[in-house]
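The values are calculated or read from the model by the stated rules, or taken from the named source; none is laboratory data. Since the structure is predicted, the reported quantities are computational estimates derived from the model, not experimental observations. Please note: Cβ atoms are built from the backbone with ideal geometry, for glycine as well, and neighbour counts cover all protein chains shown.
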Amino acid sequence: VQFFGFHLMPYPYLPEQHRASRDSTWVTLSNRHFDPRRGHELYQRYLGELVLYDKLGFDGVCVNEHHQTAYGLMPAPNVVAGMLVPQTTGKIAILGNAISLRDHPLRIAEEVAMLDVVSGGRIISGFVRGIGSEYHTFGMDPSQSRERFHEAHDLIIRAWTEPGPFEWYGRHFKLRYVNPWPRPLQQPHPPIWSPSQGSTETVDWAARHRYTYLQTFSDTASIQRAFSGFRDAAGRHGYTAAPEQLGWSVPVYVAGTDEEARRAARGHLDFLFNTLLRMPRDMFFPPGYLTAQSAPRVMGAKRGLGTAQADPNDLLERGFAIAGSPESVRQQVERYARELGFGVFCGTFQFGTVGPEEFERSVRLFAEQVMPALRAAAPATPAAPAGPELPR
Amino acid sequence: MELADLTHHTREGRAAGREWARQLADDPQTHARYLRNRAALAHLGWNPYLHDPKLPRRLHRVTAPALVVWGARDGVFPVSCAHRWAELLPAAELKIIPEAGHVPLEEQTGATVRAVLDFCGGN
């Protein structure tokens, strides 16, 4: 199992009035509640926390992209990745660039290639559509999201792998000259990860391209379904999925004892699920964002997420999050790894209102007492079938 | 608040709207059609959101006689929109249907049909 440290960069200083309300924390929560001076302090702290993952021996760190929300302060993941390049030695996973939302995919091809070349080939390039609310943020037609995603992906991969200049006349993007400088250092291109909420089409797409599929914010039953969907899809496309192609992203909290960890985690999970993730269902799933085929499955897996009050005990019970002493967290991760068969574990140690001291303690306990045991215990896994070489 | 409370005004109208929403969740085929319709709506009216900012500058060119029919208790597009349409269309007649929400044809079928027939010169 490879271990990655994820960070949401949440903005915790929300007025009590907002917390107590049912108002959305996305798109419409006024940015007058963002205090730039406190923001400055948060960014310093959060960047330090990402660097700590790297120092403590995680295989890599993860950043992501979200817009107009207190849930996360990373609207520009490539900027955050750029700041991390000189401060880290491991991989940097950008999970991911919301390629459907950007005006031009070539911008992403350029930015990620730059990061890859400067970092010496340490970039993992995640591609996402952006969540439903972000189609409100950018006034982008949600019914075009999937189409734009596929065309942007195809263009970026071709721009990275085929010597330019060449022409591209697609439905959404039309270019006489595709010829980005620089090209990525990793050949044929940086590893691609596909973080998803579990739609049938995305699972199949990731399997078809032999990418790594990463499921976020789901209970273990939904993850089980998505992973077996991925394995089936890989079979249909003529190969056996490797564990490295299955990733699980989950909030983690480690403390001295189970009791202490669960008590503290409950408060942070309450803020994460009931305040930071809160938005009306129509904002989460705007019309046309999900296909008629996927809607029942995704909306089933996400039932209540962001739209109804979540019980932190229930979240821990169902595997939406892991909390406990180092020993019990090790047992849980080990059991889930066995049951779900993932080869990539993305622990989100910074979620909700986790303070600096408890963050550092939690991550240190995990890195020093959980990771080594799991690395030693992990059975030898077959190499990913078509993964590019990763120079370190 | 449910969608039916915005689209319909009368008790019967709202009850029918709720019943429709309930059936929608029960029947996969109807639900799939509903999702396709919503996707089409987004495709046509996402940005600018369900309105055309150029209309106020263009409507003065419409010389044909026009009838603007609107539910007095429309919870989706308030009745002030109807007054604005009538103001901007050079030859418009305005008919506000009392006791009707967003779908006057459903809630006040008789009054709505009469308004259209009167306008067309029928009887």
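Residues are listed down the side, and each one gets a yes or a no for (1) touching an Asp or Glu at 6+ places or on another chain (Cβ under 9 Å); (2) surrounded by fewer than 18 Cβ atoms within 10 Å (Cβ to Cβ):
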residue: A:N274; (1), (2): no, no
residue: A:R278; (1), (2): yes, no
residue: A:M283; (1), (2): no, no
residue: A:T291; (1), (2): yes, yes
residue: A:G300; (1), (2): no, yes
residue: A:L315; (1), (2): yes, no
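Could you look through the stretch A:8-63, keep only residues that are outside any helix (DSSP H, G or I) and acidic (D, E), and pick out the one that is nearest to A:L374 (Cα to Cα)?
Filtering the stretch A:8-63 for residues that are outside any helix (DSSP H, G or I) and acidic (D, E), the one nearest to A:L374 (Cα to Cα) comes out as A:D59.
What number of residues within the stretch A:130-146 satisfy the criterion of being within 11 Å of chain B (Cβ to nearest Cβ) and either assigned to a helix (DSSP H, G or I) or out of contact with any helix residue (DSSP H, G or I) (no Cβ under 9 Å at 6 or more places or on another chain) (or both)?
Qualifying residue count for the region: 9.
Would a scan of the stretch B:59-78 turn up a residue that is within 28 Å of A:M283 (Cα to Cα) and assigned to a helix (DSSP H, G or I)?
no
Against the definition (under 27 Å from A:A295 (Cα atoms), of a type outside the set (D, E, K, R) and surrounded by fewer than 14 Cβ atoms within 10 Å (Cβ to Cβ)), how does B:L44 come out, yes or no?
yes
As an exercise: evaluate A:Y336 against (1) surrounded by fewer than 23 Cβ atoms within 10 Å (Cβ to Cβ); (2) modelled with pLDDT of 95 or more and give the number of the one condition it does not meet.
Going through (1) surrounded by fewer than 23 Cβ atoms within 10 Å (Cβ to Cβ); (2) modelled with pLDDT of 95 or more one by one, A:Y336 breaks only (2).
Quickly run through the stretch B:22-67 and pick out the residues that are touching a residue at least 24 places away in the same chain (Cβ under 8 Å) and in contact with a His (Cβ under 7 Å, 6 or more places away or on another chain).
None - no residue of the stretch B:22-67 is touching a residue at least 24 places away in the same chain (Cβ under 8 Å) and in contact with a His (Cβ under 7 Å, 6 or more places away or on another chain), so the list stays empty.
Can you name the residue in the stretch B:15-37 that is loosely packed, with under 11 Cβ neighbours inside 10 Å and charged (D, E, K, R) and, of all such residues, is nearest to the other protein chains (Cβ to nearest Cβ)?
B:D26
Taking the stated definitions as given, is A:V363 in contact with a Lys or Arg (Cβ under 7 Å, 6 or more places away or on another chain), surrounded by 15 or more Cβ atoms within 10 Å (Cβ to Cβ) and assigned to a helix (DSSP H, G or I)?
No, not satisfied.
Quick check, is A:G57 in contact with a Phe, Trp or Tyr (Cβ under 9 Å, 6 or more places away or on another chain), at pLDDT 95 or above and surrounded by fewer than 19 Cβ atoms within 10 Å (Cβ to Cβ)?
So A:G57 passes the test.
When you go through (1) among the small types (G, A, S); (2) within 14 Å of chain A (Cβ to nearest Cβ); (3) within 27 Å of B:R114 (Cα to Cα) one by one for B:G45, which number turns out not to apply?
(3)
Any chance you could count how many residues in the stretch A:302-313 are within 21 Å of the chain's Cα centre (by Cα) and either surrounded by fewer than 17 Cβ atoms within 10 Å (Cβ to Cβ) or within 12 Å of chain B (Cβ to nearest Cβ) (or both)?
Within the stretch A:302-313, residues that are within 21 Å of the chain's Cα centre (by Cα) and either surrounded by fewer than 17 Cβ atoms within 10 Å (Cβ to Cβ) or within 12 Å of chain B (Cβ to nearest Cβ) (or both) number 2.
Out of (1) out of contact with any Gly (no Cβ under 6 Å at 6 or more places or on another chain); (2) in a helix (DSSP H, G or I); (3) at pLDDT below 95, what's the single condition that is false for A:V298?
(1)
Which condition number in (1) more than 24 Å from A:A241 (Cβ to Cβ); (2) within 14 Å of another protein chain (Cβ to nearest Cβ); (3) small (G, A, S); (4) buried (at least 18 other Cβ atoms within 10 Å of the Cβ) is the one that A:G324 fails?
Among (1) more than 24 Å from A:A241 (Cβ to Cβ); (2) within 14 Å of another protein chain (Cβ to nearest Cβ); (3) small (G, A, S); (4) buried (at least 18 other Cβ atoms within 10 Å of the Cβ), the lone unmet condition for A:G324 is (2).
Mind counting the residues in the stretch A:196-215 that are in contact (Cβ under 8 Å) with a residue 60 or more places away in the chain and closer than 19 Å to A:V333 by Cβ?
The qualifying residues number 2.
Consider A:F227 carefully, then state whether it is under 19 Å from the mean Cα position of the chain (by Cα) and either within 14 Å of chain B (Cβ to nearest Cβ) or under 25 Å from A:L29 (Cβ atoms) (or both).
Taking the combined requirement at face value, the residue does not satisfy it.
State whether the residues of the stretch A:166-178 include one that is surrounded by 18 or more Cβ atoms within 10 Å (Cβ to Cβ) and over 30 Å from B:A40 (Cα atoms).
The answer is yes; a qualifying residue exists.
Hey, among the residues in the stretch A:94-129 that are under 19 Å from the mean Cα position of the chain (by Cα) and within 14 Å of another protein chain (Cβ to nearest Cβ), which one's farthest from A:W168 (Cα to Cα)?
The residue in question is A:L101.
Looking at (1) within 14 Å of chain B (Cβ to nearest Cβ); (2) buried (at least 19 other Cβ atoms within 10 Å of the Cβ), which one does A:R330 not meet, given that it meets all the others?
Unmet for A:R330, out of (1) within 14 Å of chain B (Cβ to nearest Cβ); (2) buried (at least 19 other Cβ atoms within 10 Å of the Cβ): (1).
Mind checking which residues of the stretch A:258-297 are within 12 Å of chain B (Cβ to nearest Cβ) and either closer than 19 Å to A:L8 by Cα or touching a residue at least 60 places away in the same chain (Cβ under 8 Å) (or both)?
A:P280, A:F285, A:P286, A:P287, A:G288, A:Y289, A:L290, A:T291, A:Q293, A:S294
Is it true that some residue in the stretch A:184-197 is at pLDDT below 95, closer than 20 Å to A:L101 by Cβ and assigned to a loop (DSSP other than H, G, I, E, B)?
yes
Name the one entry in B:A40, B:A4 that is away from chain A (no Cβ under 14 Å), in a helix (DSSP H, G or I) and hydrophobic (A, V, I, L, M, F, W, C).
B:A4
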